[in-house]
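First the structure, in the form of structure tokens, and then the observations on it.
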Amino acid sequence: MRRKSEFQGTVLIADDHEIFRLGLLQLLRRSLKVKRFLQAASFAQVMEHLRDEDVSLVILDLKMPGLTASTEIRRLRLLRPDTRMVVLSGSECREDILGCLSAGAHGYIVKNQQTGQLIGRLRYILSGEMYVPASLAELLPESTEASRSNPIAQLPKIDLSKRQRQVLKGLTEGKSNKEIAQALSIAEGTVKIHIGALFRLLRAANRAHAAALGKQLIG
């Protein structure tokens, strides 16, 4: 009998550093109970695997050979729309993070994570959510008059998950975290996590700003 915590799908680890790939493989095997792995050292190998294999999760280094921009991530998403795509990179550059998320990555994780944090981020993404690093909030530029008068035009084109849309709808209705949690039958702490992610995704300065953006974004 399989353990309930065992990951059932195939994980593709794409990084041009073999030692890093093997270390991550062992970590996922131990922590997520992953049984089947594929490895790639270049973007061409990633494409080859995705054409030939049924892959559930891709963990992708942003600076590997053949991957020069977020355009390649968009190609992966078009090829395998049901596969979860995670960028695991050493870059904390705002343009890199927003570019990858806009291209369709389900999460952007900076490599300087503790192992427990990394596994937690991956579990969050595998649950169907989008992970955005908290550092992005510090990297966003100050609001300008143009962005305040037409804020949606400044937003990256990011698809929100179903749960994020539900939480955002609660914000637009003026509900408190507790009221949103009760309406969705989830923990209030979970609501806070979603709201933090929404603030970063929407570049919202505060709760009222997020609600205003939400009304334009989801109606």
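What ranking do 208-218, 15-25 get when scored by the average of other Cβ atoms within 10 Å per residue, highest first?
Sorting 208-218, 15-25 by mean packing, highest first, produces 208-218, 15-25.
Using the Cβ atoms and a cut-off under 15 Å, what net charge is assigned to the surroundings of Gly128, where Lys and Arg are +1 and Asp and Glu are -1?
+3
Please arrange Asp61, Asp96, Asp82, Asp159 by counting, for each residue, the other beta carbons lying within 10 Å of its beta carbon, fewest first.
Lowest to highest Cβ neighbour count: Asp82, Asp159, Asp96, Asp61.
With each pseudo-label sitting 7 Å past Cα toward Cβ, what's the Asp82-Asp159 distance in nm, one decimal?
The modelled label-to-label distance comes out at 1.4 nm.
Taking the number of other C-beta atoms within 10 Å as the exposure measure, put Ser127, Ser89, Ser56 in order starting with the fewest.
Fewest to most other Cβ atoms nearby, the residues stand as Ser127, Ser56, Ser89.
Work through the residues other than Ser89 whose Cβ is under 10 Å from its Cβ and net out their charges, Lys, Arg +1 and Asp, Glu -1.
In short, -2.
Rounded, prolate or oblate: which fits region 10-136, taking a ≥ b ≥ c as square roots of the Cα gyration tensor eigenvalues, rounded meaning a/c under 1.5, else prolate when a/b beats b/c?
Working: a/c = 1.28, a/b = 1.02, b/c = 1.26.
In terms of gyration-tensor shape, rounded.
How much net charge surrounds Gly174 when only the other residues with a Cβ under 15 Å from the Cβ of Gly174 are counted, with Lys and Arg +1 and Asp and Glu -1? Walk me through the intermediate numbers first.
Working: positive: Lys169, Lys175, Lys178, Arg207, Lys215; negative: Glu173, Glu179.
Combined, the nearby Lys, Arg, Asp and Glu give +3.
Quick note: the coordinates plus some simple rules give every number you see, no bench work behind them. This one's a predicted model, so the numbers in the text were calculated from it and none came from an experiment. Because the Cβ atoms are built from the backbone with ideal geometry, glycine has one as well, and the counts that use them run over all protein chains shown.
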